[in-house]
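Right, one structure below, let's go through it.
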Amino acid sequence: MRSLQKRRRIQVIVLALVCLVGATALIGYSLRNGINLFRSPTQVVETPPAASEVFRLGGLVVDDSIKKDAGVKFFFAVTDGANVINVHYVGDNLPPDLFEEGQGTVATGRYVDGVFLATEILAKHDETYMPAEVIDALKEQGVYQAPDAG
């Protein structure tokens, strides 16, 4: 009788461990495409990612770089002060209302053949806000200027 109880406990523990490992594997598998790393233009130039890797690119929109394409698509360039990456927006939505030259932006997409193909663009939400990652990248390059307190 005692041996049967011991065997059942071991079976239950083994089954629980198998379920735990299976659940962990499923969670990891589902998150593998949902995690987007942030990179500055300098990081992209120094270590170009694979064409299949989706990541976020952030910096300042270069002055006079926004050029229209067909439909809602357009071209622009992003800089961190040291390097410039050309971006082609290939998403389906209009750009944010506050997206403009000289302002901070974060774009999500892939880097293919020297051009960042953006499917999503985020822009500042007021005159003083800039994403923390963009500020850090600009500070790293020594070109960050704090907005005027007003």
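The values are calculated or read from the model by the stated rules, or taken from the named source; none is laboratory data. Computed from a predicted structure; not experimentally measured. A quick note on method: Cβ atoms are made from the backbone with ideal geometry, for glycine too, and the neighbour counts reach across all protein chains shown.
Evaluate the following for Gly104: is it touching a Pro at 6+ places or on another chain (Cβ under 8 Å), farther than 17 Å from Val115 by Cα and buried (at least 17 other Cβ atoms within 10 Å of the Cβ)? Show your work before the answer.
Details: touching a Pro at 6+ places or on another chain (Cβ under 8 Å): yes; farther than 17 Å from Val115 by Cα: yes; buried (at least 17 other Cβ atoms within 10 Å of the Cβ): yes.
Here the answer is yes, as Gly104 does meet what is asked.
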Legend entry - Residue match in segment 8-25 (condition: among the basic types (Lys, Arg), surrounded by fewer than 18 Cβ atoms within 10 Å (Cβ to Cβ) and not assigned by TED's automatic domain parsing to the domain that holds Asp113): yes
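Looking at this structure, is Phe55 in the same structural domain as Gly109 (by TED's automatic domain parsing), touching a helix residue (DSSP H, G or I) at 6+ places or on another chain (Cβ under 9 Å), free of Cβ contacts under 8 Å to residues at least 60 places away in the same chain and within 15 Å of Val112 (Cα to Cα)?
On the way: in the same structural domain as Gly109 (by TED's automatic domain parsing): yes; touching a helix residue (DSSP H, G or I) at 6+ places or on another chain (Cβ under 9 Å): yes; free of Cβ contacts under 8 Å to residues at least 60 places away in the same chain: yes; within 15 Å of Val112 (Cα to Cα): yes.
It is true that Phe55 is in the same structural domain as Gly109 (by TED's automatic domain parsing), touching a helix residue (DSSP H, G or I) at 6+ places or on another chain (Cβ under 9 Å), free of Cβ contacts under 8 Å to residues at least 60 places away in the same chain and within 15 Å of Val112 (Cα to Cα).
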Legend entry - Which numbered condition Asp97 misses (of (1) surrounded by fewer than 14 Cβ atoms within 10 Å (Cβ to Cβ); (2) modelled with pLDDT of 90 or more): (2)
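Pick from Val18, Val78, Val14, Val72: which is β-branched (Val, Ile, Thr) and touching a residue at least 24 places away in the same chain (Cβ under 8 Å)? Don't jump to the end; show me each part of the working.
Details: Val18 fails: touching a residue at least 24 places away in the same chain (Cβ under 8 Å); Val14 fails: touching a residue at least 24 places away in the same chain (Cβ under 8 Å); Val72 fails: touching a residue at least 24 places away in the same chain (Cβ under 8 Å).
Residue meeting the stated conditions: Val78.
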Inset, instruction - Considering every residue within segment 44-55, establish whether at least one is out of contact with any Pro (no Cβ under 7 Å at 6 or more places or on another chain), surrounded by 19 or more Cβ atoms within 10 Å (Cβ to Cβ) and within 13 Å of Tyr111 (Cα to Cα). - result: yes
